[in-house]
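The values are calculated or read from the model by the stated rules, or taken from the named source; none is laboratory data. Every value quoted in this text rests on a predicted model; they were computed, and no experiment measured them. Quick reminder, even Gly has a Cβ in these numbers, built from the backbone with ideal geometry, and neighbours come from all protein chains shown. Note: accessible area is taken over every heavy atom of the protein model, side chains too, but ligands, DNA and RNA are not part of it. Shrake-Rupley method; radii C 1.70, N 1.55, O 1.52, S 1.80 Å.
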Amino acid sequence: MSQTRSSHLATFDRRAFFQRFGLVFSFLLLMIVLSALSERFLTPSNLMNVLRQATINGIVSVGMTIVILTGGIDLSVGSVLALSVTVGASLMKQGQPVAWAVGVALGTGTLLGVVNGLMITRAKIPPFIATLGMLTVARGLTLLYTQGQPITGLPAEFRWIGTGVVAGIPMPVILSLAVFALGWIFLTRTKYGAQIYLLGDNPTAARLAGVPTDRMTVLVYAISGFCAALAGLVLVARLDSAQPIIGQGYEFNAIAAVVVGGTSFSGGEGGLAGTLLGALLIETLNNGLNLLNVSPLWEQVVKGVVIALALLLYKVFSPPSK
Amino acid sequence: MTEIAIPRLKLEHIYKSFPGVQAVSDVSLNVYGHQILALVGENGAGKSTLMNIVNGVVPLDSGKIYLDGQLVSIPSPRRALELGITMIHQELALIPELTVGQNIFLGREPRRWGIGVDWKRLYAQAQRELDRLGIEVSAQATIADLSIAQRQLVEIAKALSYNARLIALDEPTSSLTSRETDTLFRLVRSLREEGVALIYISHRLEEVFELADRIAVMRDGHLVAVGNASEFTPAEVVRLMVGRELAEFFPKVPAKRGEPVLKAVNLKAGREVRGVSLELHRGEIVGLAGLVGSGRTNVARLLFGADRLEGGEIWFEGRQVHLRSPQDAIRLGIGLVPEDRKAQGLFAGQSVRYNAGAGLIQRLSRWGFIRFQAVNRIVRELVERLRVRTPHLNQKVRNLSGGNQQKVIIARWLGLNPRVLILDEPTRGVDVGAKAEIHALMSELAAQGMAILMISSELPEILGVSDRILVMREGRIVAELSREEATQDRIMQAATGQL
Ligand SMILES: Nc1ncnc2c1ncn2[C@@H]1O[C@H](COP(=O)(O)OP(=O)(O)OP(=O)(O)O)[C@@H](O)[C@H]1O
Ligand SMILES: [Mg+2]
């Protein structure tokens, strides 16, 4: 500023470069490898398939990113998703208006998120434990509520969310891109987004800088619950079936997308651009393993290794903690 | 010192750059045993970086390091320790959850039969070390319970316990009061007698001239002067540091005392605050002096709603207020620059924009959307005014030098233009030029009607800036002195209870 001593001095910042483009390169590399290994990979229909598959996890990951940016974690997304959609689906089966049922489903997800947030801020339960509790409770409630039976045969107008196509683009893709865009604007353009980064970076300093830390914490878990419910609605609309075990293990894929996307577990660093790429990368990997007929058992191992590698790389390139 | 002595440390053509910054440029320097070398320079001149290189914390780009005439490479702090080099870092590096003893012997705990840690011996040794240095801290105390100054002293004890041959002290006194500073000076001098080579970084020139045998001045990464302390005058050193004649120190404008804004009545909280009453008026700068641990910081935090009040009342502009959080205080127009910039002030991973604009971002928004143009304009103005060295506003604040980080936090509050501003050790680690600028700004803001409460352990700062001085001791205000009455001696007498 007053003394920009060395704008002429172009030192190559390996770390910043890696953090910005490393993920893009890994993604491209994976694409190249997969196209070489399988001729079916690079076909438009397969790529569209990858995209469609990625949408569900993508939407969940948006909420997860926002939570992890505050230094928290939401393990309950899969169960919250299940309870929200079964409630919504059963309302539709009872002949209630679709808009109302969708609203109730989204509201349920948000409310469960608020409960998560209150457990963390009021009862001071660590996020990991609080949301683990919610994972169990919400799944249990889903099973009780559905009596273990799937709900199928939903109205066509509702199923359009999952199966419709506008201007050649599937609705799920449009929806999830919209969620990413809104999330991105929220995080980078609004004061709430800024407060989330400050809170995640240093909670003590955030409080002293006037950030309403408790309220922001409740908000991020509410957003995560909302995103989970929305993702669930898209999924149910596509499958025309709300199974009580729907969404099981989704927290893993969402956390993986966020972490591979470069958002730091300690909070305050990262964002949705990375998560978008992370979600695509994970889905591409899934797809590739399918195409290559890798056994589902090995799939888990490969995915785990890829995530561990990503974490390792970020550690190597992240600033030394003094 | 003998004339033909081989330097303990010899640096030859050291270079180090960070993205966008040439931090150290062609530095060649000798440091001798039995000597104290003071290293001075503006914020961001490269002092800490140079010491970090010598301590293996930061790798150098090019250059040679000789220790006692031998070419060495120092790839890690561990290697530095093995070579007998140690450093007291500018930012405290103790682990808050552990005890003093555990911190001192971290990674080299005395073992019993080579296995389990011998705790008894560890604490006995640690206590002996502390006692020897005259540091009044229990080896069993947890770091988190200690004041910043006490932590600083523990850090010093830890560095000294390695029996190093070369010790670098990076602004060790920035959070110490004069009494603790005296303790430290005694220590440093006795180490010199033992033959240790010492490098002493400080922005307090009085200290430099009191302590140093030789002085080295850095500017913009270069070593611009080095010589015996007797060859320099303070004014010369300042000129060498800033590379120009520093504008005359701003004369203090006596304030026109306006109506009262903030009034505290009989505040109580724990053992630290035992009934404090004070009143701040518009247009007035009040200095709050006292020893470390006298409760000054606690009072500041109570007035800002950061801690719970156990008794007493706070009145703001004639109304009694109940501050449940800093947010409440900020809404009323009260600001606090906290004592510990790293733990309580900085968002290390965020940009200069978000750090300096942390409050503005929240205030200057329309329907929740940040008005970036307005934020940028104000932040840029403050960054220029306070001479924060940063390549751009997107620079992460952890990449700034210590003094520049402090300026960023001060900028955060100045930008909000509060009605009452509380500053807890505001110029810690800030260079002379920027310090004068901050004092001038404080005067200016007071003249515009702000009420300012400043805590400082630096008596010259208290005396130079305040219109009125309150002295605390053991949780109470024990003296109130007008600008005219106040002297260093009177303040110290009140603070130590020898009134
Ligand atoms: N890790 C880093 N990444 C980028 N720039 C850095 C990094 N560390 C230091 N710098 C820059 O190098 C320059 C020298 O910093 P240094 O910390 O050595 O200054 P200093 O002389 O110790 O200042 P102060 O008196 O404020 O402590 C500064 O401009 C700083 O912003
Ligand atoms: Mg420094």
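The figure for B:Met442 is an accessible area of roughly 10 square angstrom, using a 1.4 Å probe on the protein chains alone.
What number results when the radius of gyration of the protein assembly as shown, computed over Cα atoms, is divided by 2.2 N^0.38 Å?
The value comes to 1.07.
Going by a ≥ b ≥ c, the root eigenvalues of the Cα gyration tensor, does the stretch B:1-140 fall in the rounded group (a/c under 1.5), the prolate group (a/b larger than b/c) or the oblate group? Prolate shape, in that a/c is at least 1.5 and a/b is the bigger ratio. In plain terms, if you count all Cα to Cα distances in the stretch B:311-351 and split them into 10 Å steps from zero, the share in each step is 24, 40, 26, 10, 0 percent. For the set B:Lys396/B:Lys435; B:Lys268/B:Lys407; B:Lys16/B:Lys407; B:Lys16/B:Lys47, the pairs lying more than 21 angstrom apart at their alpha carbons are B:Lys396/B:Lys435; B:Lys268/B:Lys407; B:Lys16/B:Lys407.
Could you check what % of the DSSP bridge pairs in the protein assembly as shown are antiparallel, to the nearest 5?
Here the antiparallel bridges make up roughly 60 percent for the protein assembly as shown.
Of the three principal axes defined by the Cα atoms of the stretch B:407-499, the extents in descending order read 40, 27, 25 Å.
In order along the stretch B:223-229, the Karplus-derived 3J(HN,Hα) couplings, from 6.51 cos²θ - 1.76 cosθ + 1.60 at θ = phi - 60°, round to 8, 9, 6, 8, x, 5, 4 Hz, and Gly and Pro are given as x. Helices meeting the span-like rule in chain A (full DSSP H runs, Cα extent of at least 30 Å along the helix axis, mean Kyte-Doolittle score of -0.5 or higher): A:14-37, A:44-69, A:98-121, A:213-239, A:296-317. Short to long, the 10 Å bins of the Cα pair-distance histogram for chain B hold 4, 18, 28, 27, 16, 6, 1, 0 percent of all pairs. Label-to-label distance for A:Arg40 and B:Thr487 is 9.4 nm, based on points extended 7 Å past Cα in the beta-carbon direction. Under 5 Å between amide hydrogens, built in the peptide plane, is the criterion, and for B:His281 it picks out B:Val261 among residues at least 5 positions away or on other chains.
Computed as a quarter of the hull surface, the mean projected area of the alpha carbon convex hull for the stretch B:9-242 stands at 13.2 nm². Rounded to the nearest 5, the antiparallel percentage of DSSP beta bridges internal to chain B is 55%. Among B:Ser457, A:Ser35, the order of accessible area from largest down is A:Ser35, B:Ser457, computed with a 1.4 Å probe on protein heavy atoms. Along the axis of the charge dipole computed for the stretch B:110-185 (Cβ charges of +1 for Lys and Arg, -1 for Asp and Glu, origin at the Cα centre), the listed residues B:Gly134, B:Trp113, B:Ala124 are led at the positive end by B:Trp113. Label zone (A:Leu141, point 7 Å along Cα-to-C-beta; backbone nitrogen cut-off 18 Å) within the stretch A:62-97: A:74-92. Here the spin labels are modelled as points 7 Å beyond Cα on the Cα-Cβ line, and at B:Arg308 and A:Val165 they lie 6.3 nm apart.
Distance between the C-alpha centres of the stretch B:112-127 and the stretch A:290-306: 50 Å, rounded to the whole angstrom.
Shape class for chain A, computed from the alpha carbon gyration tensor (a ≥ b ≥ c): oblate, with a/c not under 1.5 and a/b at or below b/c. Computed from the C-beta positions of A:Met48 and B:Asp61, the FRET efficiency with R₀ = 51 Å rounds to 0.55.
Given q = 0.13, 0.14, 0.22 Å⁻¹, what are the Debye log10 I(q)/I(0) values for the stretch B:245-380, with equal point scatterers placed on the Cα positions and solvent ignored? Debye intensities relative to I(0), on a log10 scale: -0.75, -0.86, -1.30. Taking a ≥ b ≥ c as the square roots of the eigenvalues of the alpha-carbon gyration tensor, the stretch B:72-182 is classed oblate because a/c is 1.5 or more while a/b is no larger than b/c. With a cut-off of 19 Å on the backbone N, the residues of the stretch A:30-45 near the modelled label site 7 Å out from A:Asn293 along Cα-Cβ are A:34-42.
Within the stretch B:260-496, the percentage of alpha carbon pairs spaced more than 34 angstrom apart rounds to 13%. When only alpha carbons are used to place a centre, the stretch A:36-70 and the stretch B:447-495 end up 63 Å from one another.
The largest accessible area among B:Val397, A:Val114 belongs to the first residue in A:Val114, B:Val397, and the rest follow in falling order (1.4 Å probe, all chains).
Dividing the summed -39500 (n - 2.57) terms of all DSSP H runs of n ≥ 4 by the residue count of chain B sets its mean residue ellipticity at 222 nm at -9500 deg cm²/dmol. Close amide H pairs (under 5 Å, H built 1.01 Å from N) link B:Ile88 with B:Ala168, B:Leu169, B:Asp170, residues at least 5 positions away or on another chain. With K and R counted +1 and D and E -1, the other residues having a Cβ less than 14 Å from that of A:Met64 yield a net charge of -2. Using only the C-alpha atoms, the convex hull of the stretch B:175-280 corresponds to 196 Å³ per residue. Each label was represented as a point 7 Å from its Cα along the Cα-to-Cβ direction; for B:Asp68 and B:Arg380 these points are 5.6 nm apart. If you bin all the Cα-Cα distances of the stretch A:131-218 at 5 Å, starting from zero, the percentages per bin are 3, 11, 11, 10, 11, 15, 15, 12, 8, 4, 0.
What the Cβ-Cβ distance of A:Arg122 and B:Ala141 gives, at R0 = 30 Å and to the nearest 0.05, is a FRET efficiency of 0.40.
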